[in-house]
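Only the coordinates and a few stated rules stand behind these numbers; no lab work does. Since we're looking at a predicted model, the values are computed, not measured. Note: ideal-geometry Cβ built from the backbone for every residue, glycine included; neighbour counts use all protein chains shown.
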Amino acid sequence: MTAGRTLFVTWYDSNHRSIIPVGRLVHHGGAEGDLFEFRYIQGALEAMERGFQPFIAFPDLCKVYRSSSLFPFFANRVMPTTRPDYLAYLEVLGLDPTEADSVDILARSGGRRETDRIEVVPAPVKDETGGYTTRFLLRGVRYIPGAEDRIARLRFGERLFWMLDAQNESNPSAVALRSADKCLLGYIPDYLVTDIAKLLEHHVSMNVFAEKVNLPPAPLHHRVLCRLEARWPDGFLPFQGEQFQPVGPLTAPPTHADHALQ
């Protein structure tokens, strides 16, 4: 069984306009087949104080759910390959249709729906050079006057400049992005701001680039795919902290024998 790809499930608290991580999905692949594992993390306990309820598909907070295929709760958030706009959708996400699988699509798209407040986000991993690289869709475009017009003129690979927005009422740790001509475009997703703060503590320089610009009719939350690059400091681990720790007793690493369709 190979090392897993890890995605975190977040819940949006609309009252406080904040994003809270509530669960962790890990995909292990290998010669023996696939194994998917879902469990809740400590952030779920905080979210429950604000109205979050465990998912119907995963009702037990302390249970480790395992399956040999992607759980329907997540698979239903991935566009079917039979859709006529499937290839266009992958192009918007900047994914190669010959290589991308359901986990890649879920990680890049976020699996967002209009009917709930759930989003799936990938845990950053070291790139081929040993650096920190992650991709994300620009947030908050709809709330910034003039952002859409400036985004329409962005070029592939254009550098974007980040700045801390400590006076942001929704999140004092928010990180905004602007163009070189000082036009505010949007925000880095909240789920990355803790990692960014840790990188800055290590005095690591960060560079953000517009990797793909999707003009209308692409929805606003798919308008700009960004790439963040930084040096990976010694001892740094992404998505750490109490919120990301599992709920309940720790279990041994899963084996193929543990497969049990949920």
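So between Asp234 and Glu32, what do we pick up on full extension, going 0.36 nm a residue minus the alpha carbon distance? Numbers along the way, then the final one.
Working: separation 202, 0.36 × 202 = 72.72 nm, distance 3.35 nm.
Separation in residues times 0.36 nm, less the Cα-Cα distance, equals 69.4 nm.
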Prolate/oblate/rounded label for region 17-103 (Cα gyration tensor, a/c 1.5): oblate
Length gain on complete extension for the stretch Thr98 to Cys62, per 0.36 nm per residue less the alpha carbon to alpha carbon distance? 9.2 nm
Could I have the simple spin-label model distance between Ala218 and Met48, label points 7 Å from Cα toward Cβ, reported in nm to one decimal? 4.0
Along the charge dipole of the chain, Cβ charges K/R +1 and D/E -1, which of Tyr65, Gly131, His222 sits furthest on the positive end? His222
Gaussian network model of the chain, springs between alpha carbon atoms under 10 Å - residue of Gly235, Gly29, Gly43 with greatest fluctuation: Gly235
Cut-off under 5 Å, modelled amide H: who pairs with Phe8 long-range: Leu25, Val121, Ala123
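Under a Cβ-only charge scheme (Lys and Arg +1, Asp and Glu -1), can you give me the dipole magnitude of the chain about the Cα centre, in debye to the nearest 20? The partial results should precede the final answer.
On the way: 28 positive and 32 negative charges, 110 e Å.
Its charge dipole is roughly 520 debye.
How big, in percent, is the set of alpha carbon pairs in the chain lying more than 34 Å apart? Could the numbers behind the result be given before it?
Values: 5879 of 34191 pairs.
Counting every Cα pair in the chain, those more than 34 Å apart make up 17 percent.
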Using alpha carbons only, what's the Rg to Rh ratio of region 126-236 with Rh from Kirkwood? 0.96
Per DSSP H run of n ≥ 4, the term is -39500 (n - 2.57); total these for the chain, divide by its residue number, and report the mean residue ellipticity at 222 nm rounded to 500 deg cm²/dmol. -3500 deg cm²/dmol
In whole Å, what is the distance between the alpha-carbon centres of region 41-89 and region 111-176? 22
Once you keep just the Cα pairs under 8 angstrom separated by 6 or more residues, what percentage relative contact order results for region 126-236? 37
